[in-house]
Each structure stands twice: as C-alpha cells, then as structure tokens.
Amino acid sequence: MIFQPDAAQSSLKLLFVSTPVGALGSGLGGGVELTLQNIAEAMVQRGHQVQILAPAGSKLAGSAAQIPLLPIAGTLQPTAQTQGRESPVLLPEDSVLANCWDYARQVEHQFDLLLNFAYDWLPFYLSSFFQRPVAHLVSMGSLTAAMDQIIEQTLNYFPQTIGLHSQAQADTFRFGDRCRVLGNGLDLSLYQPVYEPAAQPYLAWVGRIAPEKGIEDAIAAAQASGLLLKIWGAMPDQAYWQSICERYPGGGFRYEGFCNTQQLQQGLGQSRALLMTPKWIEAFGNVAIEALACGLPVLAYRRGGPAEIVESGQTGWLVEPDSVAGLVVAIGQIGQIDRRICRQQAEARFSMAAMGERVEAWLMEILAESVSHKR
C-alpha cells in the first residue's frame, strides 16, 4: 500500500531532532550539521513543513534560517568516535539528548513523522514508545556493539526506518542490506566553481580536526610536494592540534579556522585540490561534494564514502588507504583533472533536488508502513 495523504495532509509536518554533540553551526557535529540543514531545506522546497530541535546556541544559515528552530538546553553528548567497541551507553546529567526527546514526546502529535539525526542509543530505544513513526538517518558506520544492537533491533521492529549515506557505510553493518542508502546533496547555487585557481597554488583540507580524520597524512603529503596546505574546520581538541604542530615542525600548513559555507567555498575554490585522509570508514564525506561543486579535484583514500563520490581520473584520484606516498603521486597528477567535469558531476549526482526526492520517497514509505500496521 502506498501512503496517500488526503488534501488536508498534502504538506507533511516533520520534526527533525538534531545531533546532541554540538550546536548547529558550531562544526562540532561534523557533516551531520550540513546534512540536516540541506534535508530541511529540500523538504520545505517540496512543500512540507519542518521544525528542528537542536542544542542551545544552534543557528541555521542562508534560506534555512527561516525554518523554525527550537533550542534545547542541556549537557552535550560525547562523540561516538571517542568510544571503544565495547563502551557502555553514556548519558550525562541534564543531557541535551534526553531533553530533546522528552520535548519531542510531548509534541509528537503535532507532526506526521519524526526524523532523528543523532547517532546515539536513546532515540532508537524510544522509537517503540512514540505514537508517530520515527525515522533514523545514521551518520556513522559500525562503531560500538551497543549501537549496532539497538539499530538492528529498531530495524526488526520498524522495517524501512533506518537510512544510511553510502554503501560503504552499509557494509560495516551485518544488517546493512536492509537499510536505505540515501546519499547526500547540496544547494549548489551556494558554490561558485573556480576553473582557474589562484596563481599561488595551495592544497586544501576540510573537516573536524580529530585523530580519525588523519590530518597528519595530508600535512606530510603537502610537505613532500612543496605545497602549502590550508586547513579549515572545527577544533574540539586544542591539545591534539598542538601535538600535530609539534610533530611537523617544518611548517607548510596553516589553520584557517572554522567558517560558514560562503567563506569556505571562496577559499576552497582557489585551491588546487582537496585532500581527504580518513583513518576510519567515513559514512559519506560532504566536503568531497562541496569541493566538486567548487570545481575542485578530490584526492582521497579509497576508504568509506569518498570512494563512492570520487571518480578516479575524472574528478580526482583515489589512493590506497594510509599511503602518503600515494597522495604525493596523486598531487603530481592534479593537472590531469578537468575542473569543469568536477562541477558537472556535482550537478548531475549531488543536487539538493535529487537528494530531496530520495528522502521524501523514503519518508513516504515509512508513513505507508505505519498506516498499514495501524489497520
């Protein structure tokens, strides 16, 4: 049975519940922040109503700033990347995660469906206690046994409700073939392609500055190539960054700070290429499609989501994981990439409209399943 809202319901009412590891706009939530904003905008463009619950201090940028956002106070959650495989479930005092979902429980009847962006145990467990269907967009691969168990349990109780970003991410889960792979997309109008980069060439690296992102490999490759590496991203751990600076005293890299999309694309577009050096299975890699939208080749390890985004030899080069020497070779081949093709591939594969269509179809199927169960 296909879900068919009646005339009064042609516009769905959707409640998005954000990641609890940081305020939207802070960069602490990584790619989840951009993904949530883009999906919210895409749903509004398709005629749906969206409200967002997010940690206090959250801000939306651009046209998304018009979407209602309710800030929720509380203590931020620790990031899953810092937890070991057998780590227990953690919930700090006055948890913003618990506060968000307590509020969601109170207002759920105002909405047709809730969409969870938190990679955390609690929202999956609570799905059974909500009257409205809860969809979950999982932002990471398999990291802890507790998370794997609760995601699979949710999938068993509520088929169709688990969304992922890439096949590489799905392959980390034993139940990945039962999840919906949705990809990602951007508002490409915010990214102006640059086909002739700056006369003084430099490389770019963008992301949260944390061990799993492998920034040290990018620095080593840039130093070996004799090119400046400009670095953009949130810095949650100053001590880690200081240790990187001490390990690579030769310089050749510069931290540019964390900035908004407009500022980022201006600096990104003038660089020769983006380096992506993840040490873990990146669920997708929004910065890769941001780079392509700027006309920028991407040099990435053949690991995780970026390996499904980059077409080696066409929009950049894929390098064997953890091979700094391979990165150096790829840097020497940047000139073989046509920057116009990079932009064309972003338009063909990663538009916001295409992403919105995929997400809407997924949510409609969840609603259809919910209606059939109630009957």
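The values are calculated or read from the model by the stated rules, or taken from the named source; none is laboratory data. Just so it is clear, the structure is predicted and the values come from calculations on it, not from any experiment. Heads up, the Cβs are rebuilt from the backbone with ideal geometry, glycines too, and the neighbour counts pull from every protein chain shown. Accessible surface is based on the protein model in full, side chains and every heavy atom, while ligands, DNA and RNA are left aside. Shrake-Rupley method; radii C 1.70, N 1.55, O 1.52, S 1.80 Å.
The table below lists the values:
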{"item": "In the range 184-252, chymotrypsin sites (Phe, Trp or Tyr not before Pro) in a DSSP loop with at most 13 other beta-carbon atoms within 10 Å", "result": "Tyr195"}
{"item": "The chain - percent of accessible surface contributed by carbon and sulfur, probe 1.4 Å", "result": "50 percent"}
{"item": "Structure-based [θ]222 nm, the chain - -39500 (n - 2.57) summed over DSSP H runs of at least 4, per residue, nearest 500", "result": "-10500 deg cm²/dmol"}
{"item": "From phi via Karplus (6.51, -1.76, 1.60), per-residue ³J(HN,Hα) for the range 14-31 in Hz, x at Gly/Pro", "result": "10, 10, 9, 10, 6, 4, x, 8, x, 5, 4, x, 8, x, 5, x, x, x"}
{"item": "Anisotropy class of the chain from Cα gyration tensor, a/c 1.5 cut", "result": "prolate"}
{"item": "Sites Gln106 and Ala199 - FRET efficiency at Förster radius 56 Å, r taken between beta-carbons, to 0.05", "result": "0.45"}
{"item": "Distant-in-sequence amide H partners of Leu186 (H built 1.01 Å from N, under 5 Å)", "result": "Ser351, Met352"}
{"item": "Probe 1.4 Å, accessible area per residue of the chain, Å²", "result": "41 Å²"}
{"item": "Cut-off of 10 Å, at most 13 other beta carbons, DSSP loop: longest stretch of the chain lacking such GluC sites (Glu not before Pro)", "result": "94-375"}
{"item": "Between the range 297-375 and the range 66-103, the alpha-carbon center distance in angstrom", "result": "28 Å"}
{"item": "Spin-label zone in the range 309-328 - amide nitrogen under 12 Å from a point set 7 Å from the Cα of Gln344 along the C-beta vector", "result": "314-315"}
{"item": "Residues Gln149 and Leu70, FRET efficiency given R0 of 30 Å [Cβ-Cβ distance, rounded to 0.05]", "result": "0.45"}
